[in-house]
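What follows is a single structure, written as structure tokens, with notes after it.
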Amino acid sequence: SQYAERDRLNGLSILSECLGSPELCASKYNIDYADMKKRYVANLDLILKYLTIRFFDTNTSMLIKCLDITQNLVAVLDEEGVNLTEYEAVSFLPFLINKVGDPKEVMRARVRAILNSLCRIYPPSKMFNWLLESVASSKNAKARAECLEEVGSLIQQKGVEIMLPNKALPLIA
């Protein structure tokens with residue numbers, strides 16, 4: 001329909017509101033925030049897949065909303081002590097990492113912040129491997145450069161223990 005994009009944006013706004021505001025969740029939707037967080041965790045794979053699809057939209061508002069949800073989702077998962085599974089990571093991380101090559105600096109900064117926070121719910125060594133894979137395979141020079149920056153940042157924060165030097169160093173060089 002002609003309003004499909006607007007409807008999708010409204011739906012994402014509702015998801016974002018509930019994730020980011022416990023008060024609004026209770027007052028506007030009459031759902032306890034603790035219960036709402038359980039619902040998000042239970043449907044995490046579906047939410048991540050939907051966000052992945054929306055990453056391909058050219059609408060900046062849509063992308064910003066998706067990044068808002070991702071950021072809030074990571075915070076909720078961290079609060080709840082829930083880690084990203086391999087299944088969830090495989091279907092989401094490559095597409096999020098690809099967004100680090102966005103032409104707009106504000107978008108790249110948001111994605112970098114999310115990638116950094118993801119290490120609280122996903123092993124840094126595995127995040128390192130995803131970033132390295134993107135360095136090797138991305139056709140976007142900006143994405144490759146940003147991923148190398150993130151790789152360097154991860155090594156600084158977590159030490160060389162997060163990588164297999166024989167495999168990683170030649171690729172980094």
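The values are calculated or read from the model by the stated rules, or taken from the named source; none is laboratory data. Bear in mind the structure is a predicted one, so any value in this text is a computation, not a measurement. Note that we place each Cβ from the backbone using ideal geometry, even for glycine, and neighbour counts take in every protein chain shown. Remember, those area values only see protein heavy atoms, side chains included, never the ligands or the DNA or RNA. Shrake-Rupley method; radii C 1.70, N 1.55, O 1.52, S 1.80 Å.
To keep it simple, each residue is scored yes or no on (1) closer than 14 Å to residue 158 by Cα; (2) not polar (S, T, N, Q).
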{"position": "119", "(1), (2)": "yes, yes"}
{"position": "124", "(1), (2)": "yes, yes"}
{"position": "128", "(1), (2)": "yes, yes"}
{"position": "134", "(1), (2)": "no, no"}
{"position": "139", "(1), (2)": "no, yes"}
{"position": "142", "(1), (2)": "no, yes"}
Within the range 103-150, residues being more than 19 Å from residue 63 (Cα to Cα), of a type outside the set (A, V, I, L, M, F, W, C) and part of a loop (DSSP other than H, G, I, E, B) number 5
Within the range 86-100, residues being over 14 Å from residue 122 (Cβ atoms) and open to solvent by 10 Å² or more (accessible area, probe 1.4 Å) number 3
Exercise. Would you say residue 163 is over 22 Å from residue 70 (Cα atoms) and crowded, with 17+ Cβ neighbours inside 10 Å?
Worked result: yes
Exercise for the section: Scan the range 19-32 and give yes if some residue there is surrounded by 15 or more Cβ atoms within 10 Å (Cβ to Cβ) and either out of contact with any helix residue (DSSP H, G or I) (no Cβ under 9 Å at 6 or more places or on another chain) or in contact (Cβ under 8 Å) with a residue 40 or more places away in the chain (or both), otherwise no. Expected result: yes
Out of (1) over 27 Å from residue 68 (Cα atoms); (2) exposed (fewer than 15 other Cβ atoms within 10 Å of the Cβ), the one residue 168 does not meet is (2)
Sole miss for residue 83 among (1) out of contact with any Pro (no Cβ under 9 Å at 6 or more places or on another chain); (2) open to solvent by 60 Å² or more (accessible area, probe 1.4 Å) is condition (1)
Scanning the range 108-154 for residues that are over 18 Å from residue 169 (Cβ atoms) and in contact with a Ser or Thr (Cβ under 8 Å, 6 or more places away or on another chain), the one surrounded by the most Cβ atoms within 10 Å (Cβ to Cβ) turns out to be 143
ask   = Looking at residue 71, is it among the polar types (S, T, N, Q), touching a residue at least 40 places away in the same chain (Cβ under 8 Å) and open to solvent by 40 Å² or more (accessible area, probe 1.4 Å)?
value = yes
Only one of 63, 96 is touching a helix residue (DSSP H, G or I) at 6+ places or on another chain (Cβ under 9 Å), over 16 Å from residue 17 (Cα atoms) and of a type in the set (A, V, I, L, M, F, W, C), namely 96
